[in-house]
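Remarks on the structure that follows.
The values are calculated or read from the model by the stated rules, or taken from the named source; none is laboratory data. Because the structure is a prediction, the values reported are computed rather than measured. Neighbour counts run over all protein chains shown; Cβ positions are idealised from the backbone, glycine included. Protein only, heavy atoms only, side chains kept; ligands, DNA and RNA dropped before computing areas. Shrake-Rupley method; radii C 1.70, N 1.55, O 1.52, S 1.80 Å.
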Amino acid sequence: MTRAQRLARDAAEAAEIRAYQTDPDVVALRIERVRRQVDWMCWSGIVLGLAFTMTNVQGFASAGTQPLSLLWLAAWVLDPTVSLVLLAILRAEQVTARYQVRTGPWVRRAKWFTLAATYVMNTWTSFTAGEPAAIVLHSVPPIVVFVAVEAITDLRDKLTDAVLIAAERQAVHEGEPVNSGRRVLFAEYLAIARESWTPDVEITPAWVRRATGCSRGLSPRLARALRAEVADG
């Protein structure tokens with residue numbers, strides 16, 4: 001086998017490997033594995049942070065009561081009540097973010113109210129005592145939970161974007177024909193959506209597909225781009 005033949009064989013093998021590595025289904029599988037790892041680590045941090053705050057909240061709620069009394073025992077229920085509501089919201093957002101469905105304003109209000117309530121109850125005693133070290137100690141876990149709550153939702157959204165972009169690139173590579181046989185560019189789809197949009201229309205991927213005839217993988221990006229344009233005026 002000559003050197004040229006060996007190079008041709010290597011090139012063919014590399015092309016075959018690359019075809020599998022860039023296949024949208026393979027990319028989606030890899031991203032799904034990363035998503036599970038990210039979810040597991042973020043959820044572990046959130047649960048541990050909330051568990052740390054539980055004893056502080058119990059101490060805040062049971063101040064002035066006798067140990068093992070009814071009020072002292074009832075104080076242990078306060079933090080789990082708030083935390084379970086927060087975890088329920090996060091679990092729902094885990095699903096909606098996966099499919100890039102936006103939740104209503106009351107969801108965000110409930111999430112931030114539960115987070116703020118946890119922080120206040122966790123640090124109130126330290127603030128009233130005027131102890132800076134205790135304030136820092138009891139502030140770190142709730143703040144980490146706050147940041148993780150927002151970050152995990154955004155991370156899920158971006159991981160979904162990565163899957164969609166991989167599918168879109170594959171579609172662009174293969175070509176997405178229109179009636180004239182020409183390939184439609186992203187900017188052209190966006191221009192069509194822009195012309196079709198009216199102020200009374202909610203910009204969703206489903207509406208973008210109806211208005212432009214684009215693929216399902218491309219419609220979320222077009223919807224986001226058009227929403228950004230509309231928001232900027």
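Structure summary
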item: Odd one out for residue 171, checked against (1) open to solvent by less than 40 Å² (accessible area, probe 1.4 Å); (2) modelled with pLDDT of 75 or more; (3) small (Gly, Ala, Ser); result: (2)
item: Complete set of residues in region 198-223 that are charged (D, E, K, R) and either assigned to a loop (DSSP other than H, G, I, E, B) or crowded, with 16+ Cβ neighbours inside 10 Å (or both); result: 200, 202, 209, 216, 221
item: Contacts under 7 angstrom Cβ, first residue in region 79-96 being under 24 Å from residue 55 (Cα atoms) and in contact (Cβ under 8 Å) with a residue 24 or more places away in the chain, partner small (Gly, Ala, Ser) and open to solvent by less than 30 Å² (accessible area, probe 1.4 Å), 6 or more apart; result: 82/117
item: Residue check, residue 162 touching a residue at least 60 places away in the same chain (Cβ under 8 Å) and among the hydrophobic types (A, V, I, L, M, F, W, C); result: yes
item: The one condition in (1) in contact (Cβ under 8 Å) with a residue 40 or more places away in the chain; (2) open to solvent by 50 Å² or more (accessible area, probe 1.4 Å); (3) more than 22 Å from the chain's Cα centre (by Cα) that residue 155 fails to fulfil; result: (3)
item: Among (1) surrounded by fewer than 14 Cβ atoms within 10 Å (Cβ to Cβ); (2) at pLDDT below 85, the one test that residue 27 misses; result: (1)
item: Of all residues making up region 66-99, the number that are of a type in the set (Phe, Trp, Tyr) and either modelled with pLDDT of 85 or more or assigned to a helix (DSSP H, G or I) (or both); result: 2
item: Test result for residue 163, in contact with a helix residue (DSSP H, G or I) (Cβ under 6 Å, 6 or more places away or on another chain), assigned to a helix (DSSP H, G or I), modelled with pLDDT under 75 and surrounded by 13 or more Cβ atoms within 10 Å (Cβ to Cβ); result: yes
item: Members of region 80-116 found to be open to solvent by 40 Å² or more (accessible area, probe 1.4 Å), over 17 Å from residue 142 (Cβ atoms) and not β-branched (Val, Ile, Thr), listed by number; result: 88, 91, 92, 98, 99, 102, 105, 106, 108, 109
item: Residue in region 118-148 that is nearest to residue 83 (Cα to Cα), counting only those that are over 23 Å from the mean Cα position of the chain (by Cα) and among the small types (Gly, Ala, Ser); result: 139
item: Residues of region 210-228 satisfying the condition of being within 23 Å of residue 157 (Cα to Cα) and modelled with pLDDT under 85; result: 214, 215, 216, 217, 218, 219, 220, 221
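For (1) among the small types (Gly, Ala, Ser); (2) over 25 Å from residue 151 (Cα atoms), each residue gets a yes or a no:
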site	(1), (2)
41	no, no
57	no, no
61	yes, yes
67	no, yes
86	no, no
93	no, no
115	no, no
121	no, no
130	yes, yes
